[in-house]
Amino acid sequence: MNFLRSVLVFATIFAFIGISNTATADKLDDVIKAGVLNCGVVLDFPPMGYFDKDNQPAGLDADYCRDLAKQLGVKVKIFNLTWGDRIPSLISGKTDVVIGSTSDTLERAKSVGFTYPYFVFKFQVISKKGSGIKVFDDLKKFKVGAPLGTTYETEYLAYAKKMGWGRSNYTAFKSENDGYLALYQGKIDALISTNANIATKLATKEFKDFEAGPFVPDYDDIVGIIAKRNELAWIQYLNLFLIHQIRDGRFAELYQKHFNAPVPPEMIQSLRDNK
Amino acid sequence: MGSLFTPLSWNDTGFILQGVLNTVYISVLAIVVGSVLGLIMGFIRSISNNYTNFVLGSVLDILRIVPLIIQLILFSTFVGVIGHPLLPFASGSIILSLYTMAFMTEVFRAGFDNVSGSMRIAARSLGMNYRQSIRYVVLPIGMRSVFPSWMGVALSVIKDSALVSVIGYMELLRTSEQLITRTQQPLEILLGVGLFYFLISYPLSEFGRYVERKMAI
Amino acid sequence: MGDYEFHWLIVYQALPQMLNGAFVTLHVAVFSMLLGIAFGVLLALGKMSKYRMPNIIATAWVEIARNTPALFQIYMAYFGLGAFGIHLSPYMAVLCALTFVNSGYLTETFRGGFQAIPRTQYVASWSLGMKKVQSYRYIILPQMFRRVYYPMTNQFIWSILMSSLGILVGMGELSGETQRLQSLSFRTLEFFIVAAIMYYVITKLVLFSADIMSRRLFKGEI
């Protein structure tokens, strides 16, 4: 009887340890224990993410991954994702966090957890010089493209629907780069993208004949880092990380590095307001 | 920031080669594993009754009828949801192998069915036991006739392995896409990629036809 | 199921859009098949002809179509041709690529079909006073299509499945539409499970109707 009881006690203790282990070990612990941060970035979205000439990940998002890993004291492994890959990669556990300019819509927040915003974009049109696109409503007469499943696609299509333009002049692309390639080749007349990306593209000699056009009306794209929705402690850590990036001046430093310009005060203000 | 667009250079050779090797690697793996599993399943199907065959056939049907691209996305998401995330290579090879298996099963089943009942009976009447008759008669004769269709499936697997790029495996096509993004030279790179697939696939398909012709006589 | 909660309601609400995508899938598959058959017959005749030029063209077409991935061909039609200033829409690019591959495979199928028709059939039709075109139209082609009916069905199924690659050029067929819908709500598993079921049902329906059609078309023959 004694023996049976001690077995029972041990079993209970082990079970308890087991349960408490699964209950407390969260993503933050997992990452530190594993010694590797699996960080997803969209590397087709310069200057936030792109490949440099050695085919290595570069850009502000990639640098944020490296900073985060450094703060955690772990190594970083950067995964190249398409827009569509972002959530599957989180849910499938391939990535621990995705720093990929994800717009914080309430619809998406039903599925993933968002941190505080870390960047603000405006949606803008890029087209060939002299194409005659002056205001956003001019787009009706042109062949327009946008990357599939992005917030700017949604915004454009919603606007087009409101104005009764129909979809016949619209082409979707699997990625941002495919869109730019199509614009470059002349497949489309105008591409909806973000002001940051457009500015970067215009600085290259390939896009010297192009110009930035009107903005998508009344829309600020506020983006956050995403993680699994239930990893609250992890998301809290990420929030603090973002606050520190701004407080320690690292954000301003990286902005300068990737945009060749000082960070606009409105952006910092907007990031603070949207917390 | 560094420059966004840089032309293709000799530094990229290693990078491209890695993509090529990854394509070869996952294709060979899927063909080998898929063939072994297909051989087993084909054998089971050829000896099973109608009921078992119906059930097996329905399961294999799903693998053949749902587009590979959707199977890949579903599987790699699913394994993560149940808490066992896999690397793109692992999810990719599992699905590609199962997909190969589904087609190989039918190939081998046809091979087994080709060996007529009287030939099996003849083998048994020579004093062979069941195992021996399978090992020395059914397998060798059945397998010889399936080689051309086996080659057909294997070739399509090499080509379909390009789809594993959608879940992030850096095979040849995804490698080339990354280079296109960086260089904005789609035509040159795509032609190179096409040529590579052709150089692997064409000699193999010619070989398949050669064997088919030889066996036809 | 770990900690994943399924949300089916949102998929249900998006069903009309998915069905619309499924319609586009069928649409592009049917057209690529019809065009593929037309080109396939021509190429098969080209391959069997005694002239050099048609033979070379047909052989090159068939070998390239059969020995490169469909995904590559779609990229080529989309961005490859774009480099020459030929701009196809995603739909047209997928249609062209699928037609190219379909005709490549069907050529070999048709050639086998033609060769299986005994020489005497040709001679007999000529002796009835038919012209060459007439003999093909009334005697040879009907018999050939009967022989290649099942491989053709398979090719059609292949077209339906391969049109899913439209997702990679932003086409709005079933897979592309699913991809768009899932990125709005991030409900990957739910949307793709429903898409998989739709492909299964479509394919089974096609196989079923092909079976019924074959019974009506070729009563008791072959």
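The values are calculated or read from the model by the stated rules, or taken from the named source; none is laboratory data. Since the model is a prediction, treat every value here as computed from it, not as a measurement. With ideal geometry, Cβ positions are generated from the backbone for all residues, glycine too; neighbour counts draw on all protein chains shown.
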Query raised in the report: Across region B:50-73, what is the total count of residues that are at the interface with another protein chain (Cβ under 7 Å from one of its Cβ atoms) and buried (at least 17 other Cβ atoms within 10 Å of the Cβ)?
Result: 6
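Run down C:187, C:147 and say which single residue is within 11 Å of another protein chain (Cβ to nearest Cβ), more than 20 Å from residue A:176 (Cα to Cα), touching a residue at least 40 places away in the same chain (Cβ under 8 Å) and among the basic types (Lys, Arg).
On the way: C:147 fails: within 11 Å of another protein chain (Cβ to nearest Cβ).
After applying the criteria, what remains is C:187.
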Query raised in the report: Do you know which residues across region A:237-275 are surrounded by 12 or more Cβ atoms within 10 Å (Cβ to Cβ), over 23 Å from residue A:37 (Cβ atoms) and of a type outside the set (D, E, K, R)?
Result: A:252, A:256, A:259, A:260, A:263, A:264, A:267, A:268, A:270, A:274
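For (1) of a type in the set (Lys, Arg); (2) over 16 Å from the mean Cα position of the chain (by Cα); (3) more than 30 Å from residue A:106 (Cα to Cα); (4) more than 14 Å from chain B (Cβ to nearest Cβ), each residue gets a yes or a no:
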| position | (1), (2), (3), (4) |
| --- | --- |
| C:23 | no, no, yes, yes |
| C:53 | no, yes, yes, yes |
| C:70 | no, no, yes, no |
| C:75 | no, yes, yes, no |
| C:82 | no, yes, yes, no |
| C:93 | no, no, yes, no |
| C:104 | no, no, yes, no |
Query raised in the report: What number of residues in region B:99-112 are within 17 Å of residue B:44 (Cβ to Cβ), within 12 Å of the chain's Cα centre (by Cα) and not β-branched (Val, Ile, Thr)?
Result: 4
**Report entry** Whichever residue in region B:179-194 is at pLDDT 85 or above and crowded, with 21+ Cβ neighbours inside 10 Å and, among such residues, is nearest to residue B:26 (Cα to Cα)
**Finding:** B:193
Report summary line: Taking region C:128-176 and keeping residues under 28 Å from residue C:11 (Cβ atoms), surrounded by fewer than 23 Cβ atoms within 10 Å (Cβ to Cβ) and of a type in the set (Val, Ile, Thr) leaves C:157
**Report entry** Criterion (β-branched (Val, Ile, Thr) and over 23 Å from the mean Cα position of the chain (by Cα)) met by exactly one of B:138, B:153
**Finding:** B:138
Requested in this report: For residue A:138, state whether it is assigned by TED's automatic domain parsing to the domain that holds residue A:173 and among the acidic types (Asp, Glu).
Outcome: yes
Query - Scope region C:154-174; condition in a helix (DSSP H, G or I), more than 11 Å from chain A (Cβ to nearest Cβ) and touching a residue at least 60 places away in the same chain (Cβ under 8 Å); matching residues - result: C:155, C:156, C:159, C:160, C:162, C:163, C:164, C:174
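Report whether or not residue C:125 is crowded, with 17+ Cβ neighbours inside 10 Å and hydroxyl-bearing (Ser, Thr, Tyr).
On the way: crowded, with 17+ Cβ neighbours inside 10 Å: yes; hydroxyl-bearing (Ser, Thr, Tyr): yes.
Spelling it out, residue C:125 is indeed crowded, with 17+ Cβ neighbours inside 10 Å and hydroxyl-bearing (Ser, Thr, Tyr).
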Query raised in the report: Of the residues A:174, A:201, which single one is more than 18 Å from residue B:5 (Cα to Cα), of a type outside the set (Val, Ile, Thr) and either surrounded by fewer than 22 Cβ atoms within 10 Å (Cβ to Cβ) or touching a residue at least 40 places away in the same chain (Cβ under 8 Å) (or both)?
Result: A:174
Query raised in the report: Can you spot a residue in region B:177-195 that is more than 9 Å from every other protein chain (Cβ to nearest Cβ) and either closer than 24 Å to residue A:94 by Cβ or basic (Lys, Arg) (or both)?
Result: no
Query raised in the report: Before we move on, is residue A:221 buried (at least 18 other Cβ atoms within 10 Å of the Cβ) and either free of Cβ contacts under 8 Å to residues at least 60 places away in the same chain or in a strand (DSSP E or B) (or both)?
Result: yes
Query - Candidates A:128, A:110, filtered to the one that is surrounded by fewer than 21 Cβ atoms within 10 Å (Cβ to Cβ), more than 27 Å from residue C:7 (Cβ to Cβ) and not small (Gly, Ala, Ser) - result: A:128
Requested in this report: Inspect all residues belonging to region B:130-151 and state whether any of them is touching a Leu at 6+ places or on another chain (Cβ under 8 Å) and buried (at least 22 other Cβ atoms within 10 Å of the Cβ).
Outcome: no
Query raised in the report: When you go through A:188, A:225, A:192 one by one, which is the residue that is at negative phi, more than 14 Å from chain C (Cβ to nearest Cβ) and not basic (Lys, Arg)?
Result: A:225
Requested in this report: State whether the residues of region A:228-236 include one that is outside the structural domain of residue A:128 (by TED's automatic domain parsing), assigned to a helix (DSSP H, G or I), farther than 30 Å from residue C:175 by Cα and charged (D, E, K, R).
Outcome: no
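Looking only at helices (runs of 4 or more DSSP H) that lie completely in region C:1-87, which have at least 2 residues being crowded, with 19+ Cβ neighbours inside 10 Å and touching a residue at least 12 places away in the same chain (Cβ under 8 Å)?
On the way: elements: C:9-13, C:15-48, C:52-67, C:70-75.
So the answer is C:15-48, C:52-67, C:70-75.
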**Report entry** Candidate set from region A:145-164 (those that are under 23 Å from the mean Cα position of the chain (by Cα) and outside any helix (DSSP H, G or I)); member that is nearest to the other protein chains (Cβ to nearest Cβ)
**Finding:** A:149
Query - Residue, nearest to residue A:245 (Cα to Cα), within region A:42-77, restricted to residues that are of a type in the set (A, V, I, L, M, F, W, C), within 12 Å of another protein chain (Cβ to nearest Cβ) and part of a strand (DSSP E or B) - result: A:58
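Do any helices (runs of 4 or more DSSP H) lying entirely in region B:1-98 carry at least 3 residues that are farther than 30 Å from residue A:27 by Cα, within 16 Å of the chain's Cα centre (by Cα) and not hydrophobic (A, V, I, L, M, F, W, C), and which ones are they?
Values: elements: B:12-47, B:50-65, B:68-81.
Because the criterion is at least 3 residues that are farther than 30 Å from residue A:27 by Cα, within 16 Å of the chain's Cα centre (by Cα) and not hydrophobic (A, V, I, L, M, F, W, C), the helices (runs of 4 or more DSSP H) in region B:1-98 that meet it are B:12-47.
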Report summary line: If you go through A:122, A:140, A:94, A:134, the only one that is more than 29 Å from residue A:32 (Cβ to Cβ) and part of a loop (DSSP other than H, G, I, E, B) is A:134
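Within region B:74-94, is even one residue at pLDDT 90 or above, away from chain A (no Cβ under 14 Å) and in contact with a helix residue (DSSP H, G or I) (Cβ under 6 Å, 6 or more places away or on another chain)?
Step one: list which residues in region B:74-94 are at pLDDT 90 or above, which gives B:74-75, B:89-94.
Next, only the ones that are away from chain A (no Cβ under 14 Å) stay: B:93.
Filter once more, so that each one left must be in contact with a helix residue (DSSP H, G or I) (Cβ under 6 Å, 6 or more places away or on another chain): B:93.
Yes, region B:74-94 has at least one match.
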